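Written below as structure tokens is the structure these notes are about.
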Amino acid sequence: MERLGAQHEPLPGMAPWRHRLHEIIFEADTPAGKAFDVALLVAIVASVVVVMLDSVDSIALRHHDALLAAEWGFTILFTVEYVLRLLSVRSKLGYARSFFGVIDLLAILPTLLTLFTTGWHGGVVVRTLRLLRVFRVFKLAQFLSEAKALRTALASSRAKITVFLAAVLIIICIVGSAMHVIEGPESGFTSIPQSIYWAVVTVTTVGYGDVLPATPLGKTLAAFVMLIGYSILIIPGGIISAEWVSAKGRPTSTQACPDCSREGHEVDAVFCKWCGGRM
């Protein structure tokens, strides 16, 4: 949904050029903003590919200089982008402390740190986290609304999931202790922690097979634990699904607050629901 024309007026405390810059950089509900984010995502993917290629010895031996030049080019580009983001917001500290603000800074720090020390070059893969902006790029407001409903469902089911995990932990401790008594060191159950490790692997249906029961009673208990594992795996999903169905959220826009840079506002929002700043 396109924003109303009145919302394109300069915000209080912001020069017209800063307001326009904020629309282009932080929002995806205008053609210019969408084009900027698409170009940014292409640059992010390309920069990550460059780092990955440089980690392949056969490629690095032949094209290291070109890849290094490309990496510095992307770093300069992202540094300019970061500065422009700081210029386009009313609260620079609010943006710098936001989730994407921290990610945007981490996207340029590793390469800059290579000027002073080694071992930071591969850290630029943190730029892949910036691909989370893809949910804003294509102005999929319905996905933003569903994401809000999912966050609500996760928050609502936190207590139930905690109780469930506590019950599973108790079962694992009991089964692990019992298996240590039944099997003993001869079968690899050398201690209760080792036996609990086996119980965790079995309940989660991973089954590495590095520790196996050998006695009939131990195999019977193992079969029982496997059945429990298959039964309880669906419980967390059921809890979250039930909360998700009951969570109803209003349609969400792609607008970012000029003060705190947080998103997830309703399409008709005038003030930020997080910090109270004018949208």
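Brief remarks on what is shown
- Considered as a group, the residues in segment 199-229 that are of a type in the set (Ser, Thr, Tyr), within 36 Å of the chain's Cα centre (by Cα) and at pLDDT 85 or above include one that is surrounded by the most Cβ atoms within 10 Å (Cβ to Cβ), and that residue is Thr202.
- Applying a threshold of 6 Å to beta carbon distances and a minimum spacing of six or more residues, or different chains, the list of pairs starting in segment 13-37 at a residue that is closer than 17 Å to Arg278 by Cβ and among the acidic types (Asp, Glu) and ending at one that is in a helix (DSSP H, G or I) and modelled with pLDDT under 80 is empty.
- Restricting Ile228, Ile240 to those that are closer than 30 Å to Cys272 by Cα, of a type in the set (Val, Ile, Thr) and assigned to a helix (DSSP H, G or I) reduces the list to Ile240.
- Filter pass, Ala256 being at pLDDT below 80, assigned to a helix (DSSP H, G or I) and of a type in the set (A, V, I, L, M): no
Residues are listed down the side, and each one gets a yes or a no for (1) over 26 Å from Pro110 (Cα atoms); (2) β-branched (Val, Ile, Thr); (3) in contact with an Asp or Glu (Cβ under 8 Å, 6 or more places away or on another chain); (4) surrounded by fewer than 18 Cβ atoms within 10 Å (Cβ to Cβ):
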{"residue": "Pro16", "(1), (2), (3), (4)": "yes, no, no, yes"}
{"residue": "Ala28", "(1), (2), (3), (4)": "yes, no, yes, no"}
{"residue": "Ile44", "(1), (2), (3), (4)": "no, yes, no, no"}
{"residue": "Ile59", "(1), (2), (3), (4)": "no, yes, no, yes"}
{"residue": "Leu68", "(1), (2), (3), (4)": "no, no, yes, yes"}
{"residue": "Thr79", "(1), (2), (3), (4)": "no, yes, no, yes"}
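- Filter result (farther than 24 Å from Leu233 by Cβ and at pLDDT below 90) within segment 165-184: Gly184
- Residue satisfying all of: in segment 113-164; surrounded by fewer than 16 Cβ atoms within 10 Å (Cβ to Cβ) and among the polar types (S, T, N, Q); modelled with the highest pLDDT among these: Thr162
- The set of residues from segment 178-198 being of a type in the set (Gly, Ala, Ser) and loosely packed, with under 15 Cβ neighbours inside 10 Å comprises just one member, Ser191.
The values are calculated or read from the model by the stated rules, or taken from the named source; none is laboratory data. Since this is a predicted model, take the numbers as computed values, not measurements. Cβ sites come from the backbone with ideal geometry, for glycine too, and all protein chains shown count toward neighbours.
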